[in-house]
Amino acid sequence: MRYSGLSLKGRKSVVRVSVVRCTAYDETVLDRALDVSLDLIGGLESFVSAGQTVLLKPNLLEARDGESGATTDKRVVGLLAEKVLALGGKAVVGDSPGLRYRGAGETVLRETGTRAYCESRGAEVVSFDNTEIVETRIPDAAILKHVYLAAAALEADVLVTVPKLKTHSLTVMTGAVKNLYGVLPGGQKTLGHVLGETKETFADLLLDLYALLKPKLAVMDAVTGMTRSWRTGTDRIEPGLLLASADSVALDAAACMLAGISPFDVPMLRRAHERGLGVADPAEIEIVGDGAGARIEGFAAPARSLVAWPFLRLFASAIKKEDPRVSPELCDRCGNCLKACPSNAVRMTDSGAWIELDACIRCFCCHELCPRRAVEIDRGWLGQRLFGAR
Ligand code: SF4
Ligand code: SF4
């Protein structure tokens, strides 16, 4: 396989990525495959010490289980948590889904089976939509200079990203680096998409977050995965693999290589390499394990051409119309929304907060952070009929 790669001066070391065959989520098979994949990169003990708090961050985007190909399987995360505990560490499992309604995080933890399974393995399980959020500045960021994120992500001694192998319309693939986006609770993800609206700026935004969080270890669930548009039934794939590496960028690059995609055709990986945040050059990646020669078939980013049709764009914007509105009866003028609003769209009046919709970028931070639940999302007529009012 040939790649049109960059060759940056001064890079000499080779980064190792283990690729181990694992064709089922059977606990015994999976446990063994996890041990082999971790041993090939030095063993879990080279990443975790006794007494450390380890945050395991799966991809729990929606309420479909790991078998579906859409989310990291509960057993991959739960068995990793058990291994952390065996080393004397404390295991915390946490994520925030892409869905934006109150209770979405808990629903996804329940429906994917992650909460029950991981708790049965001794892990603490948290929904980032329902936990402490901290305000953070990233001074050297290219895009994401100021963000609210789950405190657990900053407080953990060790962050382990546990992604699913999936395609993505904006980033080509969603793997170990993109998985970290889930530390932004609900509406903050919308803000991220506003700030990073092109492939390139979104790539830099993800890398700002990656540089802040610096995961020590990445373990990818590619036993099943999703390709193209993630349609149930047709777009589920079964690569039958587990990948692991100390370098999340190299892990994502290795997954691309197995799928026949040049890592430098993925803006996120190309920019990571250029910014010195990880290794994406195939010449600098050593793939080891019994899956090193595997080929991931049918992995292709979804077509985006339909969105270019004007009438479909109009229809999509009618569906997506969502306006935050404050209920004066509930608002106690605490000012949280005023402080959180990144676009200064909130005005404080004697009767409570009020939102200037022309200035609002629909990040829904006010909705997330209002302690009185006074901020409602007002959907348009079409959106209410299709999805219901909130
Ligand atoms: S956060 Fe909620 S209660 Fe506080 S001022 Fe804003 S709308 Fe009112
Ligand atoms: S008012 Fe501000 S915080 Fe609320 S959704 Fe609009 S931009 Fe976001």
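The set of residues in segment 203-230 being within 19 Å of residue 245 (Cα to Cα), touching a helix residue (DSSP H, G or I) at 6+ places or on another chain (Cβ under 7 Å) and among the charged types (D, E, K, R) consists of 221 alone. Looking only at residues that are over 17 Å from the mean Cα position of the chain (by Cα) and in a helix (DSSP H, G or I) in segment 257-273, which one is nearest to residue 169 (Cα to Cα)? Checked segment 257-273; the qualifying residue nearest to residue 169 (Cα to Cα) is 265. The residues of segment 146-172 that are modelled with pLDDT under 90 and not polar (S, T, N, Q), listed by number, are 146, 147, 148, 168, 170, 172.
Count of segment 115-141 residues, restricted to those that are assigned to a loop (DSSP other than H, G, I, E, B), under 13 Å from residue 209 (Cα atoms) and open to solvent by less than 50 Å² (accessible area, probe 1.4 Å), is 2.
Part of a strand (DSSP E or B), assigned by TED's automatic domain parsing to the domain that holds residue 93 and modelled with pLDDT of 85 or more - does that describe any residue in segment 200-211? Checked segment 200-211: no residue is part of a strand (DSSP E or B), assigned by TED's automatic domain parsing to the domain that holds residue 93 and modelled with pLDDT of 85 or more. Would you mind stating whether residue 156 is of a type in the set (Gly, Ala, Ser) and either open to solvent by less than 10 Å² (accessible area, probe 1.4 Å) or farther than 29 Å from residue 34 by Cβ (or both)? No: the conditions fail for residue 156.
Residue by residue, here is whether (1) assigned by TED's automatic domain parsing to the domain that holds residue 158; (2) at pLDDT below 95; (3) over 23 Å from residue 228 (Cα atoms) holds:
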{"position": "22", "(1), (2), (3)": "yes, no, no"}
{"position": "30", "(1), (2), (3)": "yes, no, yes"}
{"position": "40", "(1), (2), (3)": "yes, no, yes"}
{"position": "43", "(1), (2), (3)": "yes, no, yes"}
{"position": "48", "(1), (2), (3)": "yes, no, yes"}
{"position": "55", "(1), (2), (3)": "yes, no, yes"}
{"position": "63", "(1), (2), (3)": "yes, yes, no"}
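Here residue 243 fits the description: in contact (Cβ under 8 Å) with a residue 40 or more places away in the chain, within 22 Å of residue 33 (Cα to Cα) and in a strand (DSSP E or B). For segment 306-320, check the following and say yes or no: at least one residue is assigned to a loop (DSSP other than H, G, I, E, B), under 26 Å from residue 129 (Cβ atoms) and either within 12 Å of ligand 1 (Cβ to nearest atom) or modelled with pLDDT under 85 (or both). There is no residue in segment 306-320 that is assigned to a loop (DSSP other than H, G, I, E, B), under 26 Å from residue 129 (Cβ atoms) and either within 12 Å of ligand 1 (Cβ to nearest atom) or modelled with pLDDT under 85 (or both). Could you go through segment 91-100 and let me know if any residue there is in contact (Cβ under 8 Å) with a residue 24 or more places away in the chain and under 21 Å from residue 241 (Cα atoms). No: zero hits. Residues in segment 330-374 that are within 10 Å of ligand 2 (Cβ to nearest atom), open to solvent by 70 Å² or more (accessible area, probe 1.4 Å) and of a type outside the set (Lys, Arg): 3 in all. For segment 99-112, the criterion of being more than 19 Å from the chain's Cα centre (by Cα) and modelled with pLDDT of 95 or more is met by no residue. From the set of residues in segment 1-20 that are at pLDDT 55 or above and open to solvent by 40 Å² or more (accessible area, probe 1.4 Å), which is nearest to residue 293 (Cα to Cα)? Taking the candidates together, the pick is 16.
The values are calculated or read from the model by the stated rules, or taken from the named source; none is laboratory data. Note that the structure is a prediction, hence the values are computed from the model and not measured. Methodologically, a virtual Cβ is constructed for each residue, glycine included, from the backbone with ideal geometry; neighbour enumeration extends over all protein chains shown. Quick note on the areas: whole protein, heavy atoms, side chains included, nothing else; ligands and nucleic acids left out. Shrake-Rupley method; radii C 1.70, N 1.55, O 1.52, S 1.80 Å.
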